[in-house]
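The values are calculated or read from the model by the stated rules, or taken from the named source; none is laboratory data. Please read these numbers as outputs of a predicted model, since none were measured by experiment. Here the Cβ positions follow ideal geometry from the backbone for every residue, glycine too, while neighbour counts run over all protein chains shown. Accessible surface is based on the protein model in full, side chains and every heavy atom, while ligands, DNA and RNA are left aside. Shrake-Rupley method; radii C 1.70, N 1.55, O 1.52, S 1.80 Å.
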Amino acid sequence: MAELKLSSETRDLTRVERIGAHSHIRGLGLDSALEPRAVSEGMVGQTSARKAAGVILQMIKDGKIAGRAVLIAGQPGTGKTAIAMGMAKSLGLETPFAMISGSEIFSLEMSKTEALMQALRKAIGVRIKEETEIIEGEVVEVQIDRPAVAGAASKTGKLTLKTTEMETVYDLGAKMIEALGKEKVQSGDVIAIDKASGKITKLGRSFARSRDYDAMGPQVKFVQCPDGELQKRKEVVHCVTLHEIDVINSRTQGFLALFTGDTGEIRAEVREQIDTKVAEWREEGKAEIVPGVLFIDEVHMLDIECFSFLNRALENEMSPILVVATNRGITTIRGTNYKSPHGIPIDLLDRLLIITTQPYSKDEIRKILDIRCQEEEVDMSEEAKALLTHIGGETSLRYAIHLITAAALACLKRKGKLVESEDITRVYNLFLDVKRSAQYLMEYQNEYMFSEAPVAGEEDDASAMVP
């Protein structure tokens, strides 16, 4: 009989192994005194912008000021979105952070103001406190009596739990036996049972039973045997956003809409009732509001109606901190014929605290490329990094970052292990940057379809478009 060979290679399907443009950002890279470190948490340079963002972050964490707005303005590729991502990472999971693009508002199957309102309410969290009764103790014995004849009465059993002060035997029904089986509860485990829902949570193994086995897996957690009484009252905290409460209350089986994303338009009456209820909970001490952050990228894509709505929304006491970003200079406000700085009306611009980002120096580009090589797991020689830094300075940082993986694939094709300058040169010749692409179009524009060659007066304008 042929021997069956099983592959030893196993793949963890739960882990997403994709690397994003900002996956290397871990925070803003500030110390306890809000002073920016040169290179920290994936952030490089932009010291004044990061320091300003740190002050805004402290304001958000205090949670006392609502309706403040911040504009991050700078040239393309100067780290505006990276600063916003750093703010999101620094806030942690407790504080809501909603991120949308300005053009997204127009592509949803709802009105512009409704899309903005939903985004604003996604950025406001509610921390709801609830008291629940639980039974917490160490399992002494689990005894399950199975019926001898199939189809007879359902199985019954007994569960013995103890704390440092007392021990009690509980009779078990079929559902509790099934739940214990699912959690693989055995004697020596410390468990908690929610009396209202019957949910069983395994807290770990008791220290007293740590010598039961010679070897144990790394995931085994040892805990002390609970003290006091078996039945306790415990405060449970749930964190939800106002938008989630809106969706659940706006229709029957509204919680399913949270998973499908088909939330539709939510009536103003529903929101008013929810706001009243949340205000009641706040007065009773059952809930507290956690104002988060709404980040709108490419804010110049919004039109005059959206800007007017945001003006009014920022005056509401339940509004989050608004952070917007743009790379435009003086440009037309969408929906009007008027020009304004950053394409934002002057009245809204007056409400904004403006943070500017500066172009990266060659040293900073080199440090960013080092971080990206590490993130993308690419080994590159010093010569190749120097050449890539030069390319980044002459073209753009984004173009240089895109060449990293392309050069790694070129290196793999020639069966090399270290990316050399020849690999960088090869992919540089294969993929054009903006300047070379524009130059190519100018040379061969007559051979393209629908091309309109600029007349004498327009030639200067065409050359001005080339960065």
task = Kindly check whether there is at least one residue in the range 431-447 that is touching a Pro at 6+ places or on another chain (Cβ under 8 Å), surrounded by 13 or more Cβ atoms within 10 Å (Cβ to Cβ), basic (Lys, Arg) and assigned to a helix (DSSP H, G or I).
result = yes
Number of the exception - GLY416 against (1) open to solvent by less than 90 Å² (accessible area, probe 1.4 Å); (2) closer than 23 Å to TYR360 by Cβ = (2)
request  = Can you confirm whether the range 209-222 contains a residue that is in a strand (DSSP E or B) and at pLDDT 85 or above?
outcome  = no
query = When you scan the range 382-399, how many residues do you find that are under 23 Å from LEU71 (Cβ atoms) and assigned to a helix (DSSP H, G or I)?
reply = 2
message = Restricting to the range 5-36, count the residues that are at pLDDT 80 or above and acidic (Asp, Glu).
response = 2
request  = Go through the range 270-288 and give me each residue that's touching a residue at least 60 places away in the same chain (Cβ under 8 Å), of a type in the set (A, V, I, L, M, F, W, C) and surrounded by fewer than 21 Cβ atoms within 10 Å (Cβ to Cβ).
outcome  = VAL278, TRP281
message = Six or more apart or on different chains, Cβ atoms under 9 Å: show the pairs whose first residue is in the range 182-197 and closer than 15 Å to TYR170 by Cα and whose second is of a type in the set (Phe, Trp, Tyr).
response = ILE193/TYR170
ask   = In the set MET110, MET166, MET117, which member is more than 35 Å from the chain's Cα centre (by Cα) and in contact (Cβ under 8 Å) with a residue 24 or more places away in the chain?
value = MET166
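Does ILE60 meet the test of being open to solvent by less than 20 Å² (accessible area, probe 1.4 Å), aliphatic (A, V, I, L, M) and modelled with pLDDT under 85?
Working: open to solvent by less than 20 Å² (accessible area, probe 1.4 Å): yes; aliphatic (A, V, I, L, M): yes; modelled with pLDDT under 85: yes.
For ILE60, the condition - open to solvent by less than 20 Å² (accessible area, probe 1.4 Å), aliphatic (A, V, I, L, M) and modelled with pLDDT under 85 - is met.
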request  = Kindly check whether there is at least one residue in the range 162-171 that is in a loop (DSSP other than H, G, I, E, B), among the polar types (S, T, N, Q), at pLDDT below 85 and surrounded by 12 or more Cβ atoms within 10 Å (Cβ to Cβ).
outcome  = no
query = How many residues are surrounded by 13 or more Cβ atoms within 10 Å (Cβ to Cβ) and either of a type in the set (A, V, I, L, M) or at positive phi (or both) if we restrict to the range 183-207?
reply = 9
query = Taking the range 222-248, which residues are hydrophobic (A, V, I, L, M, F, W, C) and surrounded by fewer than 13 Cβ atoms within 10 Å (Cβ to Cβ)?
reply = VAL236, VAL237
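Using the structure shown, decide if SER48 is in a helix (DSSP H, G or I) and of a type in the set (Ser, Thr, Tyr). Walk me through how you get there before you give the answer.
Numbers: in a helix (DSSP H, G or I): yes; of a type in the set (Ser, Thr, Tyr): yes.
Answer is yes for this residue.
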request  = Please work out which one of (1) modelled with pLDDT under 90; (2) assigned to a helix (DSSP H, G or I) is the condition GLU422 fails and give its number.
outcome  = (1)
